[in-house]
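The values are calculated or read from the model by the stated rules, or taken from the named source; none is laboratory data. The structure presented is a predicted model; accordingly, all values stated were derived computationally and were not measured. We place every Cβ from the backbone using ideal geometry, glycine too, and count neighbours over all the protein chains shown. Only protein heavy atoms, including side chains, enter the accessible area calculation; ligands, DNA and RNA are left aside. Shrake-Rupley method; radii C 1.70, N 1.55, O 1.52, S 1.80 Å.
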Amino acid sequence: MHILVLNLGSSSIKFQLFHIERQSVLAKGLVEQIGGDCSQIQIYSHEGCAKISQECMRISTYEEGLQHIEYALRDLGILESLGHVDGVGHRVVHGGDLFIKPTLITDEVIAHIEKLAFLAPLHNPAHLMGIKTLKQKAPHVPQVAVFDTAFHQSIPAHAFMYALPYDLYETYKLRRYGFHGTSHHFVAMEAANFLGIPYEQFNAISLHLGNGASVCAIEKGKSVDTSMGLTPLEGLIMGTRSGDLDPALLGYIMQIQRESLEEVNDVLNKESGLKGLCGKSDMRSVEALIEKGDEKAQLAFDMYAYRIRKYVGSYLLTLGRIDALIFTGGVGENCARLRKAVCANLENFGMILDLDTNSNPPKGVVNLSQSNTAVQILRVPTNEEWAIANQSAKIIQAC
């Protein structure tokens, strides 16, 4: 069974083509700068054995981008056309409170996703373009939406509600939704399996740390709280997002900078976080600056780690006990300096990091703890695309 997984961003298309039974990737790639003057394509097949790369071409629409992917897969001898896959799985960022599990896409589902676009204006419209384009190109191919928010629908009301006038929730559904749910769920299952703990008994704090970052409290296999809120802006300090701040700052910045709400929102989402503090949004670049003695980079790193520790502390109290602290995402999986900073002084909570293993962990799921610890510190590589492919295949097979 061949499942194509699509993740459409505001100006990009990421994809992977899976052979489900073999649990293998047949091809993967990225189309960037859609709508710009210098679009780029990078497509790899069979674990990089063959490659198609094109730069500084013009790709105006998502439809053109998908067409180029189709041509590339044909040229690589992998797939005759997108109509020859058995199904397509779409990462959809916001499912509101309507969608609590992967869902076969119908006209009604498309209409609901359109209604939720105001909650994720940078993401849901792009996902819809991919869904509609595939429906037009290959109407017989089943499509499945896998929602970033779905895993967090088990969060109780006292954790997802904001202390706003209640009619804002009733009328506009303003509440905490959370994101990265597919990743948090995937790594939690991997961690429970690694430790030999039945998933329905598994308690953990999952740290998905990348350019976007969030924390999830998992109790008996279910999300019971998470750091992101109505939008992905709330919570941790991220590559370009501010994370938690005093909401009165928005009005104050608008006043002193003479900027509109839209302009300030752009600053909080695109010019803040690590980038705003030290000029670099990538943690590898931040570390390089730290090595050169850059004080702003050190401050950015310290703030980033401190915010994570605050959430870990609050979720330890929420859960009462945990089996594991999980690091995942590009930063969580690869930045030993950050893992060390986050785990400092956690001995009283049963977590002791093995510094040697942390500095040079092997591939795959790794236990980073010392042997005598009660709570395991794990590095678990995430694979959202495989999770989406697997869930999509199950939905399609059940139809």
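When residue 113 is tested against (1) among the hydrophobic types (A, V, I, L, M, F, W, C); (2) in a loop (DSSP other than H, G, I, E, B); (3) buried (at least 20 other Cβ atoms within 10 Å of the Cβ), just one condition goes unmet, and that condition is (2). Consider the range 17-34 and keep the residues that are touching a residue at least 60 places away in the same chain (Cβ under 8 Å) and open to solvent by less than 30 Å² (accessible area, probe 1.4 Å). The one that is farthest from residue 55 (Cα to Cα) is 20.
Could you please let me know if residue 271 is of a type outside the set (Lys, Arg), under 28 Å from residue 119 (Cα atoms) and in contact with a Ser or Thr (Cβ under 7 Å, 6 or more places away or on another chain)? Here the answer is yes, as residue 271 does meet what is asked.
In the range 305-332, of all residues being charged (D, E, K, R) and either touching a residue at least 60 places away in the same chain (Cβ under 8 Å) or at positive phi (or both), the one that is most open to solvent (accessible area, probe 1.4 Å) corresponds to 321. Residues of the range 119-134 being in a loop (DSSP other than H, G, I, E, B) and surrounded by fewer than 22 Cβ atoms within 10 Å (Cβ to Cβ), which ones? Across the range 119-134, the qualifying residues are 121, 122. In the condition set (1) under 21 Å from the mean Cα position of the chain (by Cα); (2) of a type in the set (Asp, Glu); (3) open to solvent by less than 20 Å² (accessible area, probe 1.4 Å), residue 70 is compliant with all but (1).
In the range 112-121, the condition of being under 17 Å from residue 13 (Cβ atoms) and touching a strand residue (DSSP E or B) at 6+ places or on another chain (Cβ under 7 Å) is met by no residue.
Candidates are the residues of the range 333-356 that are in contact with a strand residue (DSSP E or B) (Cβ under 9 Å, 6 or more places away or on another chain) and under 19 Å from residue 299 (Cα atoms); the one that is most open to solvent (accessible area, probe 1.4 Å) is 340.
Take the residues in the range 137-173 that are assigned to a helix (DSSP H, G or I) and in contact (Cβ under 8 Å) with a residue 12 or more places away in the chain; name whichever of them is farthest from residue 6 (Cα to Cα). This residue is 159.
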